[in-house]
Amino acid sequence: MIHVLVVEDDPMLAELNKRFIDKIDGFKVKCIANNGEDAIKKIDDIKIDLVILDIYMPKIDGMELFRMVRNKNENIDFILVTAANDTDKINEALKLGAVDYLVKPFEFERLEKSLLNYKDRKNLLIKRPFVEQKEIDKLFMKSYNENKEKDLKKGLHKFTLNRIMNFLKENKDELLSSEVISENMGMSKVTIRRYLDYLDEIGSIDKKIEYGSRGRPSYLYKYK
């Protein structure tokens with residue numbers, strides 16, 4: 001479970017953020033702070049993994065709070081949610097290690113996307129002591145991969161891609177060969193492999209190599 005502190009001086013907005021975050025699997029808002037001074041006390045007293053932080057705060061503003069936590073080397077991550085959109089603050093937030101930066105007003109879907117991306121990153125880094133470049137790319141190049149998915153390669157069709165993805169999702173507990181997928185989808189193995197290679201390239205599926213008795217490799221695929 002990822003423990004969250006919401007730092008927001010508007011009580012109504014703070015409560016809305018809490019209710020929304022608590023609905024996302026894997027997240028729990030431990031407490032709310034309505035000013036920077038209270039936030040520092042809560043960080044000292046309560047185990048917090050992630051702070052949803054507004055910059056414009058009474059007593060201690062958000063950027064000063066961010067600096068104070070970093071100076072203490074606290075192992076806490078920050079997502080900034082603020083009306084401040086000037087480049088100086090954005091640049092400083094990035095240098096301090098902000099996970100994301102959301103400018104008010106924003107859609108809650110954007111916050112959800114930020115939280116899910118954060119959870120993916122945290123899970124990957126916790127579960128495995130070492131990762132491959134391809135997995136690192138998924139963390140640092142998510143927007144690049146998402147744009148690639150939107151702009152399909154020549155010869156690929158969104159309808160067919162969705163059909164294959166839905167089939168993999170329905171069988172998400174199994175590793176499937178391209179032959180099995182081909183038989184179930186009523187499509188040629190060549191076509192299926194083109195789509196599977198594309199889905200693997202953008203990081204939407206897992207691909208595993210297996211070697212047969214004669215040493216010939218075969219590939220198995222699974223919905224991620």
TODO: Just name one of Ile52, Ser178, Phe78: the one whose Cα is farthest towards the positive end of the charge dipole of the chain (beta-carbon charges, Lys/Arg +1, Asp/Glu -1).
DONE: Ser178
Task: Largest to smallest accessible area among Ser177, Ser188 [probe 1.4 Å] - done: Ser188, Ser177
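Determine, from the Cβ-Cβ distance of Val103 and Asp22 and an R0 of 25 Å, the FRET efficiency 1/(1 + (r/R0)^6), rounded to the nearest 0.05. Kindly include the intermediate steps, with their values, before the conclusion.
Values: r = 23 Å, r/R0 = 0.93.
Working from the Cβ atoms, E equals 0.60.
What translational D, rounded to a whole number of µm²/s, comes out for the range 45-130 from Stokes-Einstein when the hydrodynamic radius is the Kirkwood one over Cα pairs, at 37 °C and 0.692 mPa s? Don't skip to the answer; put the middle values down first.
Working: Rh = 13.8 Å.
Rounded to a whole number, D works out at 237 µm²/s.
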Task: Under 5 Å, built H, 5+ apart or other chain: amide partners of Ile55 - done: Val81, Ala83, Ala84
- [ ] Starting from the Cα of Asn171, step 7 Å along the direction of its Cβ; do the same at Met185; then give the gap between the two resulting points in nm.
- [x] 1.1 nm
Task: Largest-first ellipsoid semi-axes for the range 1-108, taking √(5λ) over the Cα gyration tensor eigenvalues, angstrom - done: 18, 16, 14
Open item on the list: With +1 assigned to the C-beta of every Lys and Arg and -1 to the C-beta of every Asp and Glu, and no other charges, what is the dipole magnitude of the range 41-101 about the Cα centre in debye, to the nearest 20?
Closed with: 200 debye
- [ ] Would you look at the GNM of the chain, springs on alpha carbons closer than 10 Å, and say which of Asp38, Asp25, Asp173 moves the most?
- [x] Asp173
Task: Estimated distance in nm for a label pair at Leu124 and Thr87, the labels positioned 7 Å out from Cα along Cα-to-Cβ - done: 2.9 nm
Open item on the list: Distance between the C-alpha centers of the range 74-141 and the range 41-63? Whole Å please.
Closed with: 16 Å
Task: Spin-label model distance (nm) - Lys113 vs Lys59, 7 Å beyond Cα toward Cβ - done: 3.5 nm
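With 23 Å as the limit, write out which pairs from Lys122/Lys158; Lys30/Lys122; Lys41/Lys119; Lys72/Lys104; Lys47/Lys72 have Cα-Cα distances beyond it, or answer none. Write out the running numbers ahead of the final one.
On the way: Lys122/Lys158 31 Å; Lys30/Lys122 18 Å; Lys41/Lys119 25 Å; Lys72/Lys104 29 Å; Lys47/Lys72 15 Å.
Pairs exceeding 23 Å: Lys122/Lys158; Lys41/Lys119; Lys72/Lys104.
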TODO: Can you tell me the alpha carbon radius of gyration of the range 1-60 divided by the globular rule-of-thumb value 2.2 N^0.38 Å?
DONE: 1.03
TODO: Kindly express, to the nearest 10 degrees and within the range 0 to 90, the angle between helix 11-22's C-alpha long axis and the longest C-alpha principal axis of the chain.
DONE: 30 degrees
Task: Size of charge dipole - the chain - debye, nearest 20, with Cβ of Lys, Arg +1 and Asp, Glu -1, no other charges - done: 1100 debye
Task: Hydrodynamic radius of the chain per Kirkwood, over alpha carbon pairs, in Å - done: 20.1 Å
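The values are calculated or read from the model by the stated rules, or taken from the named source; none is laboratory data. These numbers were taken from a predicted model, which means no experiment stands behind them. All Cβ positions, even for glycine, are placed from backbone atoms using ideal geometry, and neighbour counts span all protein chains on display. What goes into the accessible areas is simple: the full protein's heavy atoms, side chains included, and nothing from ligands, DNA or RNA. Shrake-Rupley method; radii C 1.70, N 1.55, O 1.52, S 1.80 Å.
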